[in-house]
Structure formats: C-alpha cells, structure tokens
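Right, one structure below, let's go through it.
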4 protein chains.
Amino acid sequence: MNTFGNNFRVTTFGESHGPAVGCVIDGCPARLALSAADIQPLLDRRRPGASPLASARDETDRVEILSGVFEGKTTGTPIALLVRNRDVHSADYETIKVKFRPGHADFTYQEKYGIRDFRGGGRSSGRETVGRVAAGAVALKVLAEKGITVKSRIVSVHAKTDPAGIEQEILAAKAAGDSVGGIAEITATGCPAGLGDPVFGKLDAAIAGALMGIGAVKGVEIGDGFAVAGRFGSENNDGMTQMGFTSNHAGGILGGISSGQEIVARIAVKPTPSIAKVQQTRDIHGNATEIAVGGRHDPCIVPRILPVAEAMLALVLIDAVLEEEKYR
Amino acid sequence: MNTFGNNFRVTTFGESHGPAVGCVIDGCPARLALSAADIQPLLDRRRPGASPLASARDETDRVEILSGVFEGKTTGTPIALLVRNRDVHSADYETIKVKFRPGHADFTYQEKYGIRDFRGGGRSSGRETVGRVAAGAVALKVLAEKGITVKSRIVSVHAKTDPAGIEQEILAAKAAGDSVGGIAEITATGCPAGLGDPVFGKLDAAIAGALMGIGAVKGVEIGDGFAVAGRFGSENNDGMTQMGFTSNHAGGILGGISSGQEIVARIAVKPTPSIAKVQQTRDIHGNATEIAVGGRHDPCIVPRILPVAEAMLALVLIDAVLEEEKYR
Amino acid sequence: MNTFGNNFRVTTFGESHGPAVGCVIDGCPARLALSAADIQPLLDRRRPGASPLASARDETDRVEILSGVFEGKTTGTPIALLVRNRDVHSADYETIKVKFRPGHADFTYQEKYGIRDFRGGGRSSGRETVGRVAAGAVALKVLAEKGITVKSRIVSVHAKTDPAGIEQEILAAKAAGDSVGGIAEITATGCPAGLGDPVFGKLDAAIAGALMGIGAVKGVEIGDGFAVAGRFGSENNDGMTQMGFTSNHAGGILGGISSGQEIVARIAVKPTPSIAKVQQTRDIHGNATEIAVGGRHDPCIVPRILPVAEAMLALVLIDAVLEEEKYR
Amino acid sequence: MNTFGNNFRVTTFGESHGPAVGCVIDGCPARLALSAADIQPLLDRRRPGASPLASARDETDRVEILSGVFEGKTTGTPIALLVRNRDVHSADYETIKVKFRPGHADFTYQEKYGIRDFRGGGRSSGRETVGRVAAGAVALKVLAEKGITVKSRIVSVHAKTDPAGIEQEILAAKAAGDSVGGIAEITATGCPAGLGDPVFGKLDAAIAGALMGIGAVKGVEIGDGFAVAGRFGSENNDGMTQMGFTSNHAGGILGGISSGQEIVARIAVKPTPSIAKVQQTRDIHGNATEIAVGGRHDPCIVPRILPVAEAMLALVLIDAVLEEEKYR
C-alpha cells in the first residue's frame, strides 16, 4: 500500500537510485492557488547535502507539477509531483548487494519479494519521503487556509535536550563511525473540535499509524503518552470550565476525536542503522560475515525527520477535515 | 469508519445500552471449523462482572453466529456475530446526560454529531470492544492454523510490576474513588518473515494504528520503543548470524516488514476517566459545574484491555497474512 | 466484498436459510429521524409470498434496528439492521445438495470456496437483497431530505410492455414450469449537477456496477444506452439553451458527472434460472444427470427486482452526494 | 477517485494539454520481467495520428518507467509510468473556453469544480486513457503468464458490421462534419472458475463499472445481455455436462463468479460529441449561443476504444486473480 488517506489520497513512488521519486495527490480541493514555490521550502528542509549534521548526498530536489493545476490553481483532478534523482553514486552500494545491513530493511525486502533494488536501499531509503513531503506541503497549504498550522521540534538527541548538546552528540557519533537516536514532537494548532471518527478511524489512531509509518520511528505518544501509565485518573483528567479545558494531558484528542485543544504527538527515532563501525551480519547466501556500511549517511536522522513528520500529520489532518466537511 | 482491515474486514456496531453489540467479518477464509465455542473464551476474558478489580456490570455476553457458517464450517461469506446487551442500568446516567465527564468522549461526540447516546457512553463505551474481541477470536483461530500465536501481559500498573502490588494499587484507587493507569505488552510468535507492506502499509504502522485505536491507549511502542532514542546505532542494531538475529531490539519488524522474530508491542493505558471523586467540568449549556461520576466503572482498565489488544494485533496480522498470500 | 460505498458504507450479511439476514450502515449522517417504519415499506415491496406472480415463501421480514439510533434519531454511529428468517423449508433443497442448477451460482461457489450452503442458494439467493433494501430505505430517506427521489417501473417482460400482457406472460411461464425475463427502468429526479467523480469514480460507472451487481441482471444502459450506437453525433448530443437542455439522450450524466437532468438507467433481467422443467446438468461428483428444480421460485423476478434496483441506485446517489459535500 | 482496483491499484493523472499523462501501479507482483517495450504496443494501438479514421493529433506517446523496475524486473514497489504530451495546439480551444460543447463534460466539470482546464477537454479528454492503457499493458503481461488473454473487436458502427461498411460510415460522417457511434465486444479466455466475489464484488459488476467508466460508453452487456429479457429460462440457462457447459449465454459468469468459460462483454459507444456541425448551446455566462467544434477530433471513437476496453477488462481480471490467490 503506497497510498495514504481516504479523502486526500496520496500515492508515492520511486527508489533512492531510480530515475525519479514523486507522488500523485487525488482529492485536493479545486481552486487552491498552487505552484512549485509552495512545495519547494518543505522539500528544502528535508533535503540532504545542506548541513554537516546530515548526509553529503547533493540533491537539488526541484519539484515539477505534472498535472492538476491550471492557470495557477488546482482543478480538482490529480496533482502529480515529480522530483528527478541526480547525485546517484550507485557504486557505493556494491557491498550491500551481497550483505544485509543490520537494522535495515535489506533482509525483509529480500524475504518478501525475492528481489530488491539494493542501490541506496531502493524503496526503503529515506529518499522515499520526498513524495510524502511534497504532498504534505500541499496539505499544509490547504490546512493553512482553514487556520490550522503544524509545527515540530527536536525534544532530545541521545538524551541531550539543548541545541549545543544535540549538535555535539551528533558530531561525536559521526566521528566515531556511529549514529544516535532521539525524540521529536509534532503539534497542530487551530484544529476545530470534531475531527476523527469513532472506533477504527480515531484521530489518534490515524496519527499513530502515520507517524509509526515513517522509517526509524519505534514509538508514538499522544499528549502525555507513556507518562499516564503512572497516574491517578484524578491527576490525568483534563478538567473543563466555561472557557475550555484546565490542562491538556490528552494532547487534544478525546475518544479519538479532536477537542479543539492543541494536538500533541511525540515520536521515538532510532539511531540510523547505516554506520561505519564493523557489525556482525549475514550475506545473501546465508553465510556469517562482517559489514562496515560505506556511502553517505546521516549520523542522526532526527533533524531531517521533522519535515516528514509534519507532512504526515498534515496528511492525517487534511483527511479528517475533508471527512468532517461531508457531514456539515 | 467502523470497518477494520483490507482483507479480513471487520465492521463493528452497537452502543453500551442499545439492544446489542456485534460485528460482521468479511473475508474470512472458507472451510475453517468455527462455532460459538471458539469465540466465547476471549469474550469471557473481556467480560465485566467477573472480578473485584473490574466493573460490576453483569453481562453473560453470549455470542450468536448469524451467518457465514454452514455445518460447522465457514463458507467464505460474511460472518455476523451478535451479543445482546442485558444488564443495562440506564438510570445511572441521568447525570451525564447534562454534564460532560472530564477525560471522556462526551464533549467531542457532542461537538462532532450534535447528538449523543449518553447512556453508558454509547458508542464510545468500552462495551464497543465486544465486537472487536469476537472478531479477534476468529482471527486468532485462523492464525493458529498457520502457527501464529498472540499473547499479552501486564507490564505495570501505576508503576508497580508485581501481581500483588498491581492488585493493591487497583483496590486502593477504587477505595479512594479514583483510578490508575498502566502498561501492557502484546507479542506474536510464529510470524513468517515478509508480512507488512512498504511505506504506508508498514506492519508496525498498522499495529500502532490498531492499538492506539483502543480507547484509553495514549502511547504505542514497537520493540525497544522510546528507549532507542538514547542509544548509539551500534547498540541498537540487531546483528545477524547464519542462524538468525543476535538480539531483538527491533521487535520483529524491519523496514515495516516482519523479520521472523517475535513481534513485540507495548501500550500506555490511561487511568479510567470515570471516577467518583469530584471534578471540575461544564454542562451542555456551557455552564461551569462539578461532577462525581456514578455508575459501575473499572478502577483500572489494564487487565480487561489485554484481550482487546490481543484481538487488535490478531486483526492486523491476519490482514497482513492474507495480503502476503496474494503474491505467493 | 460485501461492503458497498465509500461514504455511506453498507455491509450485508446472511444466507437464505440461515438464522438471519441484515446489514450494517456506516456513515449515515447524524440527527436523521429514523425508525423501523421508515424501512418496512420498501422491504414489504421486496417481500415474497405477497402475489401469485412471486415465490410462495411466506416471510414477514420485520426489521429490527440494533444500533445507531437514539431517541428516534441517528447518532452518526453504525446502524445495524436485522431480519430473522422464518419460513425455511430446507428439505426442499436435498436435490440441489448434489446437483448443480443450470444458470445458478451453485457451481461457481463450489469452485471458489470448496464449500457451499446449498439451502435455498445460501448467500447467492435473492434473499441476500433484504440487507440491501433495508439500507436503501435509509439512503432514500436521507436523499428525500435533499429533494432527490428514486422511482422504477417495468419496461417489458418477455417483450410484452402492457400490464395485462406482462401478467399473462408470467402466469403462462409459471404454468409451464418455466420462467421469463424482462427489462426495468430506474430513474432519479432532483439530483444536483456535479455528482460523480472523473475517471474511475464516474457516476454512470458506479450505477452500472451497482445494478449489474444485482443477481439476474445481464445488461445496464444509461440514458439511451445501446440505441446511441446507431446514431450520428448531431442526433445524439443534447443541445443547451439558457433554460437547460433540449433533450436527455445522455440520461442525466455527462463525463461521468450529473448534469442536473433526470438520471435514467435500464437493466436487462434474465429469466429466473430455477425452473421445474427438466434440464441437463452435472452432479458434484462430475457425472452427467438431469434436474427439475423444486422449491418455491419466482417465475419472473422483474417485479420484485424493482425495490432492489431502487435501493442500489439510492446507495450510489447518497454516496455521491456525501462525497460532493466534502468539497462544498 | 482516480484509483482503480483493490489489489492491483492503478492511479492515473494528467490532462490533455498539460505537461504529461501517466499512472502509478501499486500491487504488481515482484519478479515480472518488464520494460517499456511491453507497454508501447498497446499505447501505439491507442495513439492518435495513425489513421484517416482518427484524430490528426500527432503524439509519439513514448512511455518512461520511473520506478518499480530494477535490472529489468519488477520489485513489488510502485511502477510509475510517464508519457509527455507533445503536439499541443491549445489555440484551437479558445472557443470552448467560453462555450459549453453539447454532449461533453465541459458543463458538468464547471458545475462541479467551479474551474476547468478547457484545453482539449483537460482531464475529461480521451487522452486520460493513456495512463489506463499503460497500466493495462502491465496487467495483460501478468495475466498472460497465468494463461489469460484479452481480445476485442468492433461489432458494429452506425449499424454496419462489415469492415468496408464501417470505414465508409466513418469517412462519410467525417466528411459531413459529424460523427457516428457503435458497439464493441471484449472477451477474455483462460480465466479459471472462481474469480469474482459475491454480492458487491461480483465480477460482472466490476466489469460493468470498469467499462461504463470509459468516456462515451452508454451501455454494457455481459453474455447475451439485453437479449435475455425476451427469453424463457429453459432457453437461457446454460446446461452442464461432464465436459462443461452446453452453451455460454451467461458470458462466463454465474452468480458474479467466473465459470471457466469465455468471458464476454459488449459496450455501446456513443458518437463523438465534438462535431464541426453547428449546434445549439450556452456560454459560461448563461447566454444561448451556437457552436461548431474545431480542433482535431475522431469521427468515431470505436476503433480507438478497443485497447482502452481491453486495458480495463485486464485491470478487473488481474485484480480478481490476485484477490482469489489470497485464499488459495
């Protein structure tokens, strides 16, 4: 399933070292002003090659709108977005052609499909998120017109929470041929009460699925998350007054439906599995071997995951907003 | 959306104090031996009235198979499962007719629909999970035939981890007119490698959505979950040998696809919001007021959430198993 | 797939001689006044035992609302509708346990599932349409509030078009142990322009799929249908004026989207395959044999198909109406 | 909805005079040998500019595979197919910018979206079918490996059935500034028994929806279609013997499930609405006016609809085949 959403449906395609990556958006409202300039900034935040903290792969990631926009406005038909791959060093990947990288999808893709595009991880590469981010940028523009904004921040990297400590941890890991994990927070403000559907279509369920569906994410919390496990109900319930709520432990969602408060989610991001340090692994013939992963990799994916997480939250919200409008 | 799954599709219906709750299963393989006796045990584990730790509502929860089974075997047609509601004390709910219970879906349902069945929480009641558990029992039977088993356990309640401490915390909270939260773990063994789809259909994304879609769940972890945020890649990667993996930090899923290891998920469960203690709230006319929630409520939902969580994991797995068989 | 629709989703269940038939409606707007009395009349029109022209099976077909309605109004949650089967003569079906009835689904169900509920045709029986008609009645009520009405009529039976001739053909076929086919027309008035989606979600495509999905239907036409194949464009195009259209050859749909004109569809209904006349067939062991189908069957299904066809058109239209409101 | 299928999912995009048309295929089995050379022939049969009977628009329609294929084989990931538009004469369309063409989607798109890409009909153009045909070619390759082949033929044009008469009718209509309709037949051989799902997922329902979803199609028949309306059951039932069936009035489908016989469908194709003859219409300001449609149009769409109809039947069949394999 490479399609996300029921109302604002996004289908992504493309591999790390194939000709292109991109997406098709089906269900975007008509008459929205839209140009590549609306999409490029979020792509630029996701782009590699821009910081010593990230992969050195140099991609300009220029997006082309192939359809669905006429005289600068959406027409209600599918919006196809295309980004060509450029800085492809496939030679870097001869090693992983025959060896499974620990912590990677190499082994499971091979088991599932009996074939895999090993160049740069193929479809399992973080490069797949270009399509999500491009679509998310369009969703964010629609949401902005409805007064909804999405933001994100790094909560911690390798348990450090201040910017200087975070940068130091990342550079130290890089120098050691290693990588580090962290936690990020994504929030949405301006959501009306009433978004989300009972039972299987709960807004928090959709958010959890969307965020856990980003590679490297191993945990998702809504509101106070795991902290609620150690509380009394009398501590955890958000009281109500004439004016609204007295607290927001729930993270803006009650019974799977938005309450009108700020929506708050956090994700646990694992350390990048591609590291230069030698690791124990298996080759495709089943023999034990060792691997030191070359190529250009991020020592910490937390900074670059932020625009992806914003995009995914935006896709969940636009879908819920359109669903809700059906019954207004 | 009251339907779950793409291949083994479950649609649930029913309110806490309506005539009945139940589900329709569409896509169950034909020729599976099935009777009510296969479904009743999991329902019995979910049933209230069975322990001093749980709600005193006394429901026998006898399931009736309305369709899809002929001479003791499934026919491939929809299986409708029905459980009549019996011990309904709607009079208990006159208070919540006019006052929103903090931490509950009362407010958000009212905002969304402009109407709500306030009796026992209506559709937002935990009683809705009867349909899920009934369907989950069928899924578990299909999975068992494929060698896959699902289990669960309480990890902690209000930070206590031993059975005696857990029981003490629950009874103390009950005595105080309060409630407590906790953490549960759900595991699946016997899953073949290759389950789950890349990108939006990742197995961990589906599990996260399914578990976060259970009322009261505020966080989901796969494998080591939030702990990975404080690790180096060299610590977190699961090495491989000829025989398999050297550890299971990943919780049995790599790149969204099962690796063949045990699948491990944990959920954070909030303290039941319905408590006897007085809380600050608002009435349906917008006035500030106070509420002490009467009725029969669980002081801790963690024990009764276990069969529900097993059911949801089973529904995710059977869906992935059937999807995978399409391409074998 | 026993679920129909994307927005107003109907899942049906039940076999001809099982305990019950029914449906679950998910996505019905909240606050609609609804009681069994709104559903019963359409079920009564579908009901057998009411006319010498139809099957003698005597079913009262009383519908029970199991969920989704509170104090006489829909709540936005799933509406489960149940009809118990009563007049079940399973003994009639011992013959078809071992012999495939020509023109029936006996053979294909056996091939597909390796098992079949042969009693009365099981799930392939026309009795399955009880769930569709019950759901259609709810859809018709929602549509009526939006000014949309659906009607149907018999165009011809065995090439006769006047009521007396039609009745005569049916009774003559019955007397001869045979059956006859015919054509029915279904129309909808009051539909706004703009319903239906381009490409795969065309309104006429949805109508064609919905009507062809009724057992016994072998052809579907929109507007002038097959007659257009013999025309010039200058004859077939519907001209426009300031006031509207000068004709309606298109049947109210242009480019898959409603034009605001009356929507017109026609269906070809095959003669009931269950006939008393001796036919050549095969038994389940693969041997050639003969069969004379006993039991109580309709000599012509056209009169009883009308409420089913109205229901299906209503389900298509309510789905399109809700889809459209998303973008208003 | 610009996505077709549940298992082999095709999303198309693009407008007649935009930068490109194409599709994304999600769910194609892995390890299928695939190159542009497998897709090009079916696109060439659909291509304009190749015959005096068709539009003079000159498009080479070269397809580029953007993803999902590695070293000549599919990998199980989405296959994006791109065709750039080249011979675009947008100037031809200044007239239709302000006037609605009778029989066209101009009016309904404007009503639905409040905006339309009027250049060449935008998304409602037959050019949209490039994406369908490209996807259909991939489906046909998968089907061929399973022994299933799809063919089509012209049954009649303007009531003529022989090739010479058909060509004469088309050229005469063209000379008169008019157009003509016709009937086409699409057949599939080699389908195993058991394809298609009961009730709403019937194979004939899926075929009817797929074929009626092609622009210009106004009627669909399965097997003997409308002819069955004038028959007795004893005439219409297909008898069975030890060897198979004695006839194929049903067109290879019983109870919505394939019987193993040849699948036969016919479509009624309306005369192209774009004609040079003067017609009565309305402008976008609501005033009555006249229109003579310029540009390069097909005087009869029946010949060029054949590859599109084959593609759609192939998409239905591959979807059903994959669905069926789930339960093997």
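The values are calculated or read from the model by the stated rules, or taken from the named source; none is laboratory data. These numbers come from a predicted model, not from an experiment. Note that we place each Cβ from the backbone using ideal geometry, even for glycine, and neighbour counts take in every protein chain shown. The accessibility values were calculated without ligands, DNA or RNA, using every heavy atom of the protein model including side chains. Shrake-Rupley method; radii C 1.70, N 1.55, O 1.52, S 1.80 Å.
Pairs meeting the criteria (first residue in the range B:223-248 and without any contact (Cβ under 8 Å) to a residue 40 or more places away in the chain, second residue assigned to a helix (DSSP H, G or I) and of a type in the set (V, I, T), beta carbons under 8 Å, at least 6 apart or on different chains) are B:N236/B:V228.
Apart from one condition, B:V138 fits all of (1) closer than 22 Å to A:G256 by Cβ; (2) buried (at least 22 other Cβ atoms within 10 Å of the Cβ); the exception is (1).
Is the range A:183-200 home to any residue that is more than 17 Å from A:P307 (Cβ to Cβ) and in a helix (DSSP H, G or I)? The answer is yes; a qualifying residue exists.
Here B:T289 does not qualify as open to solvent by less than 10 Å² (accessible area, probe 1.4 Å) and either closer than 22 Å to D:F8 by Cα or modelled with pLDDT of 95 or more (or both). The residues of the range C:208-239 that are part of a strand (DSSP E or B) and surrounded by fewer than 24 Cβ atoms within 10 Å (Cβ to Cβ) amount to a single one, C:F232.
Taking each residue of the range D:316-328 that is facing chain B (nearest Cβ under 7 Å) and under 13 Å from C:Y113 (Cα atoms) and looking for partners that are aliphatic (A, V, I, L, M) and open to solvent by less than 10 Å² (accessible area, probe 1.4 Å) with beta-carbon atoms closer than 6 Å, six or more apart or interchain, yields D:K326/B:L322. Of all residues in the range A:164-186, those that are open to solvent by 20 Å² or more (accessible area, probe 1.4 Å) and touching a residue at least 12 places away in the same chain (Cβ under 8 Å) total 7.
Would you call A:G209 free of Cβ contacts under 8 Å to residues at least 12 places away in the same chain, closer than 27 Å to B:N2 by Cβ and facing chain B (nearest Cβ under 7 Å)?
It is true that A:G209 is free of Cβ contacts under 8 Å to residues at least 12 places away in the same chain, closer than 27 Å to B:N2 by Cβ and facing chain B (nearest Cβ under 7 Å).
Please verify whether A:G121 is closer than 20 Å to A:P48 by Cβ, more than 9 Å from chain B (Cβ to nearest Cβ) and in a helix (DSSP H, G or I), treating the condition exactly as stated. Criteria not met by A:G121. So which residues in the range C:145-170 are of a type in the set (D, E) and touching a Lys or Arg at 6+ places or on another chain (Cβ under 6 Å)? If the condition is that a residue be of a type in the set (D, E) and touching a Lys or Arg at 6+ places or on another chain (Cβ under 6 Å), then C:E169 is the only one that fits. Residues of the range D:249-277 that are at the interface with chain C (Cβ under 7 Å from one of its Cβ atoms) and under 29 Å from D:S125 (Cα atoms): D:A268, D:V269, D:K270, D:P271, D:T272, D:P273, D:I275, D:K277. Among residues that are at the interface with chain A (Cβ under 9 Å from one of its Cβ atoms) and not in a helix (DSSP H, G or I), B:G295 is not included. Restricting attention to the range A:251-286, the residues that are within 30 Å of B:R282 (Cα to Cα), of a type in the set (D, E, K, R) and either in a loop (DSSP other than H, G, I, E, B) or open to solvent by less than 10 Å² (accessible area, probe 1.4 Å) (or both) total 1. Considering every residue within the range D:297-310, establish whether at least one is open to solvent by 20 Å² or more (accessible area, probe 1.4 Å) and modelled with pLDDT under 95. Within the range D:297-310 (the criterion being open to solvent by 20 Å² or more (accessible area, probe 1.4 Å) and modelled with pLDDT under 95), the answer is yes, since at least one residue qualifies.
For A:S124, the conditions (1) within 30 Å of D:H17 (Cβ to Cβ); (2) crowded, with 24+ Cβ neighbours inside 10 Å all hold with the exception of (1).
Scan the range B:217-236 for residues that are farther than 21 Å from B:T187 by Cβ and at the interface with chain A (Cβ under 7 Å from one of its Cβ atoms) and the total you get is 6. Out of all the residues in the range A:6-17, is one or more away from chain B (no Cβ under 14 Å) and farther than 16 Å from A:L143 by Cα? Yes; the residues of the range A:6-17 include at least one that is away from chain B (no Cβ under 14 Å) and farther than 16 Å from A:L143 by Cα.
Here the range C:12-67 is the region considered, the condition is being free of Cβ contacts under 8 Å to residues at least 40 places away in the same chain and among the β-branched types (V, I, T), and the residue that is farthest from C:L81 (Cα to Cα) is C:T60. Hey, does the range A:136-153 have a residue that's in contact (Cβ under 8 Å) with a residue 40 or more places away in the chain and within 11 Å of chain B (Cβ to nearest Cβ)? Scanning the range A:136-153 turns up no residue that is in contact (Cβ under 8 Å) with a residue 40 or more places away in the chain and within 11 Å of chain B (Cβ to nearest Cβ).
Looking across the range D:240-250, the residues that are surrounded by fewer than 24 Cβ atoms within 10 Å (Cβ to Cβ) and either modelled with pLDDT of 95 or more or polar (S, T, N, Q) (or both) come down to D:T241, D:Q242, D:F245, D:T246, D:S247, D:N248, D:H249. Condition check: closer than 20 Å to B:D61 by Cβ, open to solvent by less than 50 Å² (accessible area, probe 1.4 Å) and outside any helix (DSSP H, G or I). Does B:S156 satisfy that? Against the criterion (closer than 20 Å to B:D61 by Cβ, open to solvent by less than 50 Å² (accessible area, probe 1.4 Å) and outside any helix (DSSP H, G or I)), B:S156 does not qualify.
Take C:G194 and decide whether it is on the phi > 0 side of the Ramachandran plot, at pLDDT 95 or above and open to solvent by 20 Å² or more (accessible area, probe 1.4 Å). When the stated conditions are applied, C:G194 does not pass them.
Taking the criterion of being among the hydrophobic types (A, V, I, L, M, F, W, C) and under 25 Å from the mean Cα position of the chain (by Cα), the residues of the range D:269-286 that qualify are D:V269, D:I275, D:A276. Of note, B:T161 does not satisfy the criterion of being under 26 Å from B:V63 (Cβ atoms) and open to solvent by 10 Å² or more (accessible area, probe 1.4 Å). Give me the residue from the range B:82-111 that is within 14 Å of chain A (Cβ to nearest Cβ) and charged (D, E, K, R) and, out of that set, most open to solvent (accessible area, probe 1.4 Å). So, considering only residues that are within 14 Å of chain A (Cβ to nearest Cβ) and charged (D, E, K, R), the one most open to solvent (accessible area, probe 1.4 Å) is B:E111.
Of the residues making up the range D:240-261, none is within 27 Å of the chain's Cα centre (by Cα) and either closer than 24 Å to C:H249 by Cα or acidic (D, E) (or both). Each residue in the range D:24-73 was checked for being within 14 Å of chain A (Cβ to nearest Cβ), among the polar types (S, T, N, Q) and surrounded by 18 or more Cβ atoms within 10 Å (Cβ to Cβ), and 1 of them qualify.
Against the conditions (1) open to solvent by less than 60 Å² (accessible area, probe 1.4 Å); (2) assigned to a helix (DSSP H, G or I); (3) not small (G, A, S), D:V150 satisfies every one except (2).
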